[in-house]
Amino acid sequence: EETGTGPLGAVILHGLFGMGRNWATIAKALSETYRVLTLDLRNHGASPWDDVMDYPLMAGDVAKLIETQFAGPVAVIGHSMGGKAAMALACERPSLVERLCVVDIAPVSYDHSFDAHLNVMADMNTKALTRRTDAEAIIANAIDDHPTAQFLSRNLKRADDGHGLEWQINVAAIAANMDDIIDFPTPQANQAYEAPTLFLLGGTSNYVQSSHMGEIDRLFPNAKTEVIPGAGHWLHAEKPAEVTAALRTFLEV
């Protein structure tokens, strides 16, 4: 989705199980100065499905979009999985990235398991459902986490054949590529991204640890870190005003 007609360009990349419209409020707040594109990454939202999904491929998808939609480099903002795609893009194609904001993720491999989430989504008979709230209840019962169940259920839409609901995300492909999604393709030293970079972290999140700072400094030598107090991993949803203020300062809006 496109928001704003400002003279500068910005691209926002969502996290795993998300979609571009999760960032609509923040995109609108930046739209006076920036023309903001909130993207759906492959196998998410309205974007095409593909059997293969890793960060070089996602970075390539975003690079093609920037090259076709903008006349020059843009600010790139990425959350979680989208933050890894943004970091891969910045290291591989720095000429396309004017500045970089990475939201609550580090350029490292993680050991998070989303098996329970993927299993309940894959096993759900969505054709028998008529309301997202029914899916929420099923997911919450399986993973014992209602906020996450609510978030996951937003990926359901009315089925194209008119019978029940269906997933907008490619659950099978995400499950098949999960090892690549939780990993990160470590760039070489000569791929360090030298332009201004902000790592924006949730104060109650544990996704970025002090042990990650060495790799952040190696790959992003012009990086600074800012913490949003009281926010977890989905800080853009929990503290949108604070995240917007931090982005405005970083983007010099």
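The values are calculated or read from the model by the stated rules, or taken from the named source; none is laboratory data. Keep in mind the model is a prediction, meaning the values are calculated, not measured. Heads up, the Cβs are rebuilt from the backbone with ideal geometry, glycines too, and the neighbour counts pull from every protein chain shown. Heavy atoms of the whole protein, side chains included, go into the accessibility calculation; ligands, DNA and RNA do not. Shrake-Rupley method; radii C 1.70, N 1.55, O 1.52, S 1.80 Å.
General observations
- Three-way shape call for the stretch 1-158 based on the alpha-carbon gyration tensor, with the a/c threshold at 1.5: prolate
- Computed with a 1.4 Å probe over protein heavy atoms only, the accessible surface of the stretch 150-246 comes to 47 Å² per residue.
- Secondary structure note: in the chain, about 15% of the DSSP beta bridges are antiparallel.
- Fully extended contour minus Cα-Cα distance, from residue 143 to residue 248, at 0.36 nm per residue: 34.2 nm
- Shape of the stretch 176-253 from the C-alpha gyration tensor: oblate (a/c of 1.5 or more and a/b not above b/c, with a ≥ b ≥ c the square roots of its eigenvalues).
- With contacts taken as Cα pairs under 8 Å at a separation of at least 6 residues, the stretch 192-253 carries a relative contact order of 39 percent.
- Whether the stretch 9-96 is rounded, prolate or oblate, judged on the alpha carbon gyration tensor where a/c under 1.5 counts as rounded: oblate
- Over the stretch 111-176, relative contact order from alpha-carbon pairs under 8 Å, at least 6 apart, %: 34
- Contour excess over end-to-end distance, with Cα ends at residue 95 and residue 157 and 0.36 nm allotted per residue: 18.6 nm
- Taking each of 28/127; 157/239; 84/127; 64/127; 64/84 in turn, the alpha-carbon distance tops 25 angstrom for 28/127; 157/239; 84/127; 64/127.
- Ordering of 218-225, 185-192 by packing [mean C-beta count within 10 Å, highest first]: 218-225, 185-192
- In this label model, residue 71 and residue 224 are separated by 3.0 nm, measuring between points 7 Å along each Cα→Cβ vector.
- The simple Förster model, with R0 at 22 Å and r as the Cβ-Cβ distance, assigns residue 119 and residue 209 a FRET efficiency of 0.20.
- P(r) weight above 16 Å for the stretch 110-213, C-alpha pairs, percent: 68
- Residue among 116, 88, 231 with the largest mean-square fluctuation in a Gaussian network model of the chain, springs linking Cα atoms under 10 Å: 116
- Extension gain for residue 133-residue 175 works out to 12.8 nm (0.36 nm per residue, less the C-alpha to C-alpha distance).
- Considering only 16, 96, 129, the Gaussian network model of the chain with Cα springs below 10 Å gives its largest mean-square fluctuation to 129.
- Counting only DSSP H runs of at least 4 residues, each contributing -39500 (n - 2.57), and dividing by the residue count of the chain, the helix-based mean residue ellipticity at 222 nm comes to -10500 deg cm²/dmol.
- GNM remark for the chain: springs join alpha carbons under 10 Å apart, and the peak mean-square fluctuation among 76, 243, 97 falls on 243.
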